[in-house]
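Student: Below: one structure in structure tokens.
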Amino acid sequence: MRLANGRAEGAVRLVDSWHLDEERRTGRTSTVGFATRVGGPIAQLWSMARRRFRNPANTSVMWWNDRLLALYEGGAPTAIDPDTLEAQGTTDLAGALDSPFSAHPSTAPDGTTYNFGVSLSRVATLRLYRLGERAECVRSFVLRGHPLVHDFVVTDHYAIFFVSPLRMNGPSVLVGWKTPLEALEWRPEEGTDVYVVPLDSSAPIACFSTDPFYQWHFANAYEEGRTIVVDFVRYDDFTTNDFLSALFERRAPEAPADGALVRRAIDLDTGAMTEATLFSRSCEFPRIDPADAGRPHRYVYLAAHSTRERAFGGFDELVRVDVETGRAEPYALGHADFVSEPVYANGYLLAYVYDDRARRTHLAILDADRPHRPPVARCGFDQPLPPTFHGFWRDAVVTR
Ligand SMILES: [Fe+2]
């Protein structure tokens, strides 16, 4: 969606990956995905052996060095033409990438952007990349087992990773028996590993083991002396994925979504941690004003479920949580059947809202500081859009 001179222009395009093109031509699935089977175990094994992995570039986008990149944590970024939304193929960022590239880049207070990728081969290796004028790998370390690492967060001096006890049974994937999703095992007895990775690559990496929990997304983190404060949406286990699977397969989930916004304080000297709940109702997609990244923030913006009954479906509410007072205020969105991640843009919140009765999606523009006010504008598509994971806003995109 482009907003300029009092007008909104919208366009939608699926990322034209080589495998989508192939599927359109042949009418069948022939690439292995995170949750996608090719056919029986033999066909799956054959696809695995030929390394025919899907990269739907469907998780988020970023703008880096005048390039629009669509991101997927299981593969390389896909370059997108910002004018036509045409996919221009995947890129290894001029040879810098030696792993997949996560969909969650994070920017340090000094303005430097980082991202990471986890390669799953004999061992799981996490690589941290600094995205300056050029991309470069600045740290690399081996993780315990074959975990799933979705997001991370950067402070002045550290990159923080929470690695949950979610382990992939590699052999069952390699022989075509299971998809990566089916091969994930929750092992609470192993606890969550908290990695504190100094951005100064000469300093040693610390790893603290703590109670088992799962997290998709961080809101923010910052340093307070020798303590790191981290706000994130926490789950007790990985049943959040059953909820998401049901939602995207249009089945009724067995249990409601149950993420909660929490604050964890990590003592860098002892590894001791405390945790407090900031917002207990089901929520996800925490965002802040990007000007506060890596610094203390006052507000966290979230997509949420207004009631427990609603927590069996899409998010129907946007909420602002004041982390100082604990006060949570819903935005006056009006009727909403599926609300996307709220993106903070120059004092506004941007979110896609799907209305099931009208079967249409619109972009709601809200005054971030006045939750009780109805949207400043609603920019409607004349069609429904598929639910999205993440959004990104850029001021004054210069088209080429
Ligand atoms: Fe995500």
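Any read-out appearing in this document is the output of simple, stated calculations on the displayed coordinates, not a laboratory observation. Since we're looking at a predicted model, the values are computed, not measured. Backbone-built Cβ (ideal geometry, glycine too); neighbour counts: all protein chains shown.
Student: Have a look at 68, 302, 261 and tell me which one the Gaussian network model of the chain (Cα, springs below 10 Å) gives the largest fluctuation.
Tutor: Among 68, 302, 261, the largest GNM mean-square fluctuation belongs to 68.
Student: Please report 263, 7, 13 as a ranked list, fewest other C-beta atoms within 10 angstrom at the top and most at the bottom.
Tutor: Working: 263 18, 7 8, 13 11.
So the residues, fewest neighbours to most, are 7, 13, 263.
Student: Net charge around residue 87, counting only other residues with Cβ within less than 12 Å of its Cβ (Lys, Arg = +1; Asp, Glu = -1)? List each step's numbers first, then the result.
Tutor: Values: positive: 13; negative: 16, 21, 81, 86.
Charge balance near residue 87 sits at -3.
Student: Still on this structure, please answer the following. Find how much the distance from residue 175 to residue 83 grows on full extension, using 0.36 nm per residue of separation minus their present alpha carbon separation; answer in nm with one decimal. Don't skip to the answer; put the middle values down first.
Tutor: Details: separation 92, 0.36 × 92 = 33.12 nm, distance 4.21 nm.
Between residue 175 and residue 83, full extension yields 28.9 nm more.
Student: In what order do 14, 184, 244 fall by count of nearby beta-carbon atoms within 10 Å, going from fewest to most? Kindly include the intermediate steps, with their values, before the conclusion.
Tutor: On the way: 14 13, 184 19, 244 16.
Neighbour counts put them in this order, fewest first: 14, 244, 184.
Student: Can you give the Kirkwood hydrodynamic radius of segment 279-336 from its Cα pairs, in Å with one decimal?
Tutor: Radius from the Kirkwood sum: 12.0 Å.
Student: Something else: From a point 7 Å beyond the Cα of residue 200 in the direction of its Cβ, which residues of segment 106-132 have a backbone N at a distance under 18 Å?
Tutor: 108-112
Student: Considering only 123, 149, 343, give the residue with the highest GNM mean-square fluctuation for the chain, with springs between Cα atoms whenever their separation is below 10 Å.
Tutor: Largest GNM mean-square fluctuation: 123.
Student: Which whole number of Å³ per residue matches the convex hull of the alpha-carbon atoms in segment 26-169? Provide the component values of the computation, followed by the final result.
Tutor: Working: hull volume 18.4 nm³, N = 144.
Each residue corresponds to 128 Å³ of Cα convex hull volume.
Student: Across 10 Å bins from 0, what is the distribution of all Cα-Cα pair distances for segment 304-347, in whole percents?
Tutor: Spelled out bin by bin, segment 304-347 gives 25, 51, 22, 1 percent.
Student: Give or take rounding to whole Å, what are the principal axis extents of the alpha carbon atoms in the chain, in descending order?
Tutor: 58, 54, 47 Å, listed from the longest principal axis down.
Student: Fewest to most neighbouring Cβ within 10 Å: what's the order for 116, 243, 101?
Tutor: Numbers: 116 25, 243 21, 101 30.
Least crowded to most crowded, the residues run 243, 116, 101.
Student: OK, next. Just the C-alpha atoms of segment 106-188: what Rg/Rh do they give, with Rh taken as the Kirkwood radius?
Tutor: Expressed as Rg/Rh, it is 1.05.
Student: Using only alpha carbon pairs under 8 Å that are at least six residues apart, calculate the relative contact order of the chain and give it in whole percent.
Tutor: Details: 935 pairs, mean separation 36.8, N = 400.
With pairs under 8 Å counted, the relative contact order is 9 percent.
Student: On to the next question. In Å and on Cα atoms, what radius of gyration and Dmax does segment 166-280 show?
Tutor: Rg then Dmax for segment 166-280, in Å: 16.8, 50.
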